[in-house]
Amino acid sequence: MKGAKMSTAVKPGREGVSKEQVRAAMQRLVGRGAKPTLRDVRVELGNTGSMKTISDHMDEIRAEQAPAPDAAAALSPEVLGALGAELNRLVNERSARLEEELVEARGRIETFGQDNDRLQEELAGARELIERLKADQAEHAGLEASLRQQLHDTTRELHETAKGAETARRELALAEQRLQASTQREQQLEARLASSGQELADARQKLQEAHGHAEASARDMARLQGRLESLEGVEERLKAEEGRASSSQAQLAQAEKRLAGAEAERDAVAQRVADLHKQLQQALQNNQQLLQKVLHPDGQDKQPPAGV
């Protein structure tokens with residue numbers, strides 16, 4: 001009985017049809033010359049309201065419209081026959097309405113069963129989805145921990161690479177200072193070499209003059225072979241000129257050696273600068289690769305453009 005009462009309770013928005021609405025629907029059907037049956041009245045109401053509520057309202061409306069029985073006529077067989085016929089009609093109509101309500105109730109029960117099966121399937125799917133989400137959450141937690149460790153290691157390597165790059169920059173600055181000092185020394189040596197070149201030119205000039213004097217002396221010796229006493233002084237002068245020429249040649253050789261040493265030192269410093277520049281480029285490239293690892297941990301890092 002409690003279940004029956006709950007099944008026939010009026011639900012808001014679905015079975016809240018008033019008696020006046022049912023009365024108006026019946027009047028419209030009668031106005032169109034149609035018999036106001038339960039199903040037609042519900043269709044006229046826009047298929048709203050329960051069959052039980054509409055049926056109760058229709059019974060109340062018919063009871064209000066039924067004329068009061070006459071005491072004298074109540075005893076006549078015609079009235080009794082008419083009442084019996086009306087009673088049979090009402091019983092048949094009531095039975096038809098009950099059958100319609102029963103069909104509707106069975107349909108609702110079947111719908112509820114289908115909805116229940118569908119909800120059970122959705123519940124099972126939801127539980128399976130929850131399990132998958134829990135598994136994904138655990139996997140994501142492990143992946144997050146791994147990525148955090150990779151980020152920590154990469155950051156540490158990046159700091160170490162930055163320190164190496166800073167050391168390389170300091171060494172490059174020192175090398176540039178050494179190169180500048182070597183360039184200054186080279187300029188000084190070039191100036192001294194230029195000075196030595198001038199001295200060498202002067203020495204060569206003097207040597208040419210000495211050779212001229214020697215040739216002149218030789219001609220004089222050829223002409224004055226008979227005068228040996230006077231040629232002794234000329235011979236001494238020739239020896240002195242030859243000594244000065246030998247000294248100038250030694251100075252020229254020493255200057256050439258210093259120039260070669262300066263050029264070798266300059267080449268060594270230039271090679272050291274080139275090596276330090278390569279080390280700096282390698283450090284910057286490693287720094288860029290580590291940065292790409294941090295920005296693209298999935299392994300699809302992009303190569304830095306050439307010359308960076």
query: Out of all the residues in the stretch 164-174, is one or more basic (Lys, Arg), more than 30 Å from residue 258 (Cα to Cα), touching a residue at least 24 places away in the same chain (Cβ under 8 Å) and surrounded by 10 or more Cβ atoms within 10 Å (Cβ to Cβ)?
result: yes
query: Counting just the residues of the stretch 12-26 that are of a type outside the set (A, V, I, L, M) and surrounded by 15 or more Cβ atoms within 10 Å (Cβ to Cβ), which one comes out modelled with the lowest pLDDT?
result: 15
Hits in the stretch 248-274 - residues which are under 30 Å from residue 157 (Cα atoms) and surrounded by 13 or more Cβ atoms within 10 Å (Cβ to Cβ): 272, 273
field: Residue pairs meeting the criteria (Cβ under 7 Å; at least 6 apart or on separate chains; first more than 13 Å from residue 242 (Cβ to Cβ) and in the same structural domain as residue 237 (by TED's automatic domain parsing), in the stretch 212-225; second surrounded by 12 or more Cβ atoms within 10 Å (Cβ to Cβ) and modelled with pLDDT under 70)
entry: 220/234; 221/231; 224/231
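The values are calculated or read from the model by the stated rules, or taken from the named source; none is laboratory data. Bear in mind the structure is a predicted one, so any value in this text is a computation, not a measurement. Using ideal geometry, Cβ is built from the backbone for each residue, glycine included, and neighbour counts are taken over all protein chains shown.
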